[in-house]
Amino acid sequence: MSTLRTYLPGFIFVALATAVAYGINVFVPTLSALLVAILLGMLLRNIGLVPAAAEPGLKFVSKKVLRAGVVLLGFQLSLRVIVDLGLGALVTILATVVGTFAGTLAIGRLLKMDMPDRYLVATGTSICGASAIAAMSAVVDDGKDRRAVEESAAIALAGVTIFGTISMLALPAIINATGMDVMPAGVWIGSAVHEVGQVVAAGGFVSPEVQQVAVASKLGRVLTLAPMVVLVGLTMRRRLTSHSGGEANDSARRVAVNTPPLVPLFVAGFVAMVILRTVLDLPDSHALPSTIELFASLFLTAAMVGMGAAVNIRSVLRRGRASIALSLVAGTLAALISLACVLVLL
């Protein structure tokens, strides 16, 4: 009971902010509830409206609830739907994810950007926007205060949302002007536009058939989230372990505690949910997938409030320009790689 009393003020704070985020999203659909939530959390923190009693609940939500949301996200993915797209589409999706991720990391390194900024922009652009950034922020560690990672996540989310919205409008205009066929058009939108909601809107701007292919292609990208987080987690483990070499036992123990797990539990849960959805083979219209999707959205939006409330806006404005510029480059890279693959393979 005492634990509930500790967390309850933060839970109430997050619930109210989440409701406001969804309300704004209803009136301005181009603003995702996730983006509104993190901006709202930042605003409330920086104008001094986050009560001290809410701090434990905010920390719980930004970590535990975030990971629960990522797990539930896996239930939106059925391997059957993705495989049905065909080899050309699957190669396009994989090439876009890998090419955009690697290219963004390389360009960010040339710009001498901090490691969390590079990885979070690369993940958000190449995979699935805010959800991917949230999942990757759980394993990215540059040896600094976690608050720096949370600030990097907020900046990356802003950039990915801005340029995802631009691509959501630009790609359908190009497709309609050129008369691109249904399959290549849908795969291009699904491979290049960032957020799932943006993909749904972009496909709908063309036709219901294109929308269906676009959403399936997008889900194929989301499927790469788990292996990408695991690979980055392994990289962080090696990095932290190598930095502890030859140091005192005390330091080595500290590194062992801070080293990310080989496979984070929430990633294993995500994979388990994908497998469960594939085995059950339920249509999207079934009550269970729609209910779980609703809870995934609620959990992730609530987590964005918690993450935003940990951010110092002055620091974001000071560091944000390079990250926004990298988001522009990454978004352009994703559109060009996927377009090249679509023109050759489909």
remark   = Whole-percent tail of the Cα-Cα distance distribution for the range 1-54, cut at 16 Å, equals 46 percent
query = Tell me, what is a quarter of the convex hull surface for the C-alpha atoms of the chain, in nm² with one decimal?
reply = 18.6 nm²
request  = Could you count how many Lys pairs in the chain have their Cα atoms under 30 Å apart, skipping same-chain pairs fewer than 8 positions apart?
outcome  = 7
task = Express in Å², to the nearest 10, the accessible area of Glu293 obtained by rolling a 1.4 Å probe over the protein heavy atoms while all chains stay in place.
result = 100 Å²
key: All-pairs alpha carbon distance profile, the range 81-232, 5 Å steps from 0, percent   = 2, 11, 20, 21, 19, 13, 8, 5, 2, 0, 0
inquiry  = From the gyration tensor of the Cα coordinates in the range 111-172, what semi-axes in whole Å does the equivalent ellipsoid have, largest first, with each one equal to sqrt(5λ)?
reply    = 23, 11, 9
remark   = Distribution output for the range 60-137: share of Cα-Cα pairs per 5 Å bin in percent, first bin at 0, values 3, 14, 18, 20, 19, 14, 9, 3, 0
query = What is the spin-label model distance, in nm, from Ile324 to Phe205 if the labels are put 7 Å beyond Cα along the C-beta direction?
reply = 2.1 nm
message = Using the crude model of +1 on Lys and Arg Cβ and -1 on Asp and Glu Cβ, and no other charge, please compute the dipole size for the chain relative to its Cα centre, in debye to 20.
response = 1020 debye
note = Rounded to the nearest whole number, the Stokes-Einstein translational diffusion coefficient of the range 1-129 at 25 °C and 0.890 mPa s (Kirkwood radius, C-alpha pairs) in µm²/s is 138 µm²/s
message = Within the chain, what whole-number % of the accessible surface is contributed by carbon and sulfur, with the 1.4 Å probe and all protein chains included in the calculation?
response = 69 percent
ask   = Mean residue ellipticity at 222 nm from the helices of the chain, using -39,500 (n - 2.57) per DSSP H segment of n ≥ 4 over the full residue count, to the nearest 500 deg cm²/dmol?
value = -25500 deg cm²/dmol
message = Can you give the local net charge around Gly69? Use residues other than it whose beta-carbon is closer than 14 angstrom to its beta-carbon, Lys and Arg +1, Asp and Glu -1.
response = +2
message = Can you list the DSSP H helices in the chain whose Cα atoms extend at least 24 Å along the helix axis and whose mean Kyte-Doolittle hydropathy is 0.5 or higher?
response = 2-27, 87-110, 146-178, 225-243, 287-308, 313-345
remark   = Residue-normalised value, i.e. accessible area per residue, for the range 106-188 at 1.4 Å probe, in Å², stands at 33 Å²
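The values are calculated or read from the model by the stated rules, or taken from the named source; none is laboratory data. The structure displayed is predicted, hence computed values, not measured ones. Cβ: placed from backbone, ideal geometry, glycine included. Neighbour counts: every protein chain shown. Ligands, DNA and RNA are excluded from the accessible area calculation, which covers all protein heavy atoms including side chains. Shrake-Rupley method; radii C 1.70, N 1.55, O 1.52, S 1.80 Å.
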